[in-house]
Amino acid sequence: MEARCSRCTVGREFTMKLVKKGAEAYLYLDEWLGVKVIKKVRVAKRYRVSPLDLYLRRHRTLNEARLLSAAKTVGVPAPAVLDVDLSNTTIVMEYIPGVLLKDVLDEMPDNWRKRIFSLIGECVGKLHANGIIHGDLTTSNMIVCGDKIFFIDFGLGMLSKEIEHFGVDVHLMLRALESTHYHLVNSCFDAFIEGYSRSFKKFDEVLKKVREIRLRGRYVVERRKRK
């Protein structure tokens, strides 16, 4: 599917190719100032009151752009933000040539898989050490490019120093492995924790919180069974 857009260039049209249609935003592959880029466009929601909808889309656009830039600043690979258009709730960011980790994880050699997850853990530790919460740590939001792992889609992220938020982030990573790569959970998560502990001093407090979060979930499930 293709769309036409002339917002970013005077006197010339670029062809944008829709590469992903999400619940909150569409991703387009495009050309911007002569380079290949990804444009993330947050789409209007008809069920929301129009002024509130625009406010939320603008706020989330700006928040994600800031988190992407903050991640790069602390040494975590993420697409560079090239432009932010709040009027059209659009982020123009660096195109990362690579593959989603979700699509290649199962075929990876065991030693390479462990190395990747150790690196992921180290990067998440750097984010948390600097108060950056990703908000959606799944293998669908990581791109393997050469020997690097790039973190994408900070749309649900925030800035926080709370152990609870760190724990939720790590728990999301564990749940993503359990639901999508269940046969690799133990080796991948062990490697993740090994890397995480290298870069975040409060890792033991976070792991305690993860265990607490899991117990909460089990409690809710048991309560539902009794009803």
Next item on the list: Within region 168-189, identify whether any single residue is touching a Lys or Arg at 6+ places or on another chain (Cβ under 8 Å), at pLDDT below 95 and of a type in the set (S, T, Y), and answer yes or no.
Entry: yes
Note to self: Of all residues being in a helix (DSSP H, G or I) and hydrophobic (A, V, I, L, M, F, W, C) in region 67-90, which is surrounded by the fewest Cβ atoms within 10 Å (Cβ to Cβ)? Just the residue, please.
What the structure shows: A70
Next item on the list: Go through region 126-164 and give me each residue that's within 15 Å of the chain's Cα centre (by Cα), in a helix (DSSP H, G or I) and closer than 17 Å to A71 by Cα.
Entry: K126, L127, H128, N141
Check: Quick check: anything in region 155-168 touching a His at 6+ places or on another chain (Cβ under 6 Å), of a type outside the set (G, A, S) and assigned by TED's automatic domain parsing to the domain that holds E107?
Finding: yes
Margin query: Condition check: under 30 Å from H59 (Cα atoms), small (G, A, S), surrounded by 18 or more Cβ atoms within 10 Å (Cβ to Cβ) and modelled with pLDDT of 95 or more. Does G157 satisfy that?
Written below: yes
Next item on the list: Kindly establish whether K40 is under 28 Å from S160 (Cα atoms), touching a strand residue (DSSP E or B) at 6+ places or on another chain (Cβ under 8 Å) and at pLDDT 95 or above.
Entry: yes
Notebook entry, point to check: Scanning for something surrounded by 18 or more Cβ atoms within 10 Å (Cβ to Cβ) and over 25 Å from R214 (Cα atoms), does region 124-146 turn up at least one residue?
Noted result: yes
Check: Which condition number in (1) in contact with a helix residue (DSSP H, G or I) (Cβ under 7 Å, 6 or more places away or on another chain); (2) touching a residue at least 12 places away in the same chain (Cβ under 8 Å); (3) assigned to a helix (DSSP H, G or I) is the one that E178 fails?
Finding: (2)
Notebook entry, point to check: So which pairs qualify, if the first residue must be in region 131-158 and closer than 20 Å to K40 by Cα, the second must be part of a strand (DSSP E or B) and not aliphatic (A, V, I, L, M), the Cβ gap must be under 7 Å, and the two must be at least 6 apart or on different chains?
Noted result: H134/F151; N141/F151; M142/F150; M142/F151; I143/F150
Check: Applying the selection to region 5-37, what residues are of a type in the set (D, E), at pLDDT below 95 and within 21 Å of the chain's Cα centre (by Cα)?
Finding: E24
Margin query: List the residue pairs whose Cβ atoms are under 7 Å apart, where the first residue sits in region 79-103 and is in contact (Cβ under 8 Å) with a residue 40 or more places away in the chain, the second is part of a loop (DSSP other than H, G, I, E, B) and of a type in the set (K, R), and the two are 6 or more positions apart or on different chains.
Written below: N88/R7
Margin query: As an exercise: evaluate M108 against (1) aliphatic (A, V, I, L, M); (2) surrounded by 15 or more Cβ atoms within 10 Å (Cβ to Cβ); (3) farther than 27 Å from S187 by Cα and give the number of the one condition it does not meet.
Written below: (3)
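The values are calculated or read from the model by the stated rules, or taken from the named source; none is laboratory data. Owing to the predicted nature of the structure, the values given are computational and were not obtained by experimental measurement. FYI the Cβ positions are ideal-geometry reconstructions off the backbone, even for glycines, and counts take in every protein chain you see.
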